[in-house]
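The values are calculated or read from the model by the stated rules, or taken from the named source; none is laboratory data. Please read these numbers as outputs of a predicted model, since none were measured by experiment. Note: ideal-geometry Cβ built from the backbone for every residue, glycine included; neighbour counts use all protein chains shown. When the accessible area is computed, the model is the full protein with side chains, heavy atoms only, and any ligands, DNA or RNA have been set aside. Shrake-Rupley method; radii C 1.70, N 1.55, O 1.52, S 1.80 Å.
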Amino acid sequence: MKTETTYSDSDLDRGKCSCCGDISDEILIEDGRCIECIEEEIFYESTMRGL
Ligand SMILES: [Zn+2]
């Protein structure tokens, strides 16, 4: 199952992810992490809930 999380352009900026350290155009400003890391966390949490 794919997570359908959408972010607006104003929420995103180019920068360095505080989690994986990658330079990305999709850093969530509020969070400081790239979308990939955030999606991974959401997926992990939903998996834990499922078990
Ligand atoms: Zn990251």
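Which residues, counting only those in region 16-46, are more than 21 Å from THR6 (Cβ to Cβ) and without any contact (Cβ under 8 Å) to a residue 12 or more places away in the chain?
Result: LYS16, GLY21, ILE23.
Within region 27-48, how many residues turn out to be in a helix (DSSP H, G or I), open to solvent by less than 40 Å² (accessible area, probe 1.4 Å) and touching an Asp or Glu at 6+ places or on another chain (Cβ under 8 Å)?
2
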